[in-house]
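Everything below concerns the one structure shown next.
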Amino acid sequence: MKLWVTPDGDRWLCDECLEQFREQMEEEQWRAPFERWDPMLRCSECRHGDVEIFD
Ligand SMILES: [Zn+2]
C-alpha cells in the first residue's frame, strides 16, 4: 500500500483506488513518500487491505 500526501491529508490507497484518483493526483501533485507492505493497512477509500484474508 502506498501512503499519498494530498491537500486533504495523508491517505493510504490501494492500486485499484489509485486508478480512480489518477486525474486528481496529477492536478494536485500528490506525492508518494513511501510504500509499505503491511496486511493490517487499510485503503482509505475501499477499506480493503493489500492482502485478502480468507477464513
Ligand atoms: Zn482501495
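Rule-based calculations on the coordinates, nothing more; no lab input. Everything numeric in this text was worked out from a predicted model, so none of it was measured. Cβ: placed from backbone, ideal geometry, glycine included. Neighbour counts: every protein chain shown.
What is the calculated FRET efficiency for Arg47 to Val5, with r their C-beta to C-beta distance and R₀ = 22 Å, to the nearest 0.05?
0.60
Dividing the alpha-carbon radius of gyration of the chain by 2.2 N^0.38 Å (N being the number of residues), what value is obtained?
Taking N as the residue count of the chain, the ratio is 1.13.
Starting from the chain, pick out the trypsin sites (Lys or Arg not before Pro) whose DSSP state is loop and whose Cβ has at most 16 other Cβ atoms within 10 Å. Intermediate results must be reported in sequence, preceding the final value.
On the way: sites: Lys2, Arg11, Arg22, Arg31, Arg36, Arg42, Arg47; in loops: Arg36, Arg42, Arg47.
Loop-located and lightly packed - Arg36, Arg42, Arg47.
Can you give the longest stretch of the chain with no exposed loop site, where a site means GluC sites (Glu not before Pro) in a DSSP loop (not H, G, I, E or B) with at most 15 other C-beta atoms within 10 Å? Write down the numbers at each step before the final one.
Values: sites that count: Glu45, Glu52.
Of all site-free stretches, the longest is 1-44.
In nm, to one decimal, how far is the Glu19 label point from the Asp38 one, both placed 7 Å along Cα→Cβ?
It works out to 2.7 nm between the two label points.
Tell me the angle of helix 15-28 to the major Cα principal axis of the chain, expressed in degrees between 0 and 90 and rounded to the nearest ten.
Result, in degrees: 10.
In the chain, which chymotrypsin sites (Phe, Trp or Tyr not before Pro) are in a loop and have at most 15 other Cβ atoms within 10 Å, using DSSP for the loop call?
Trp37, Phe54
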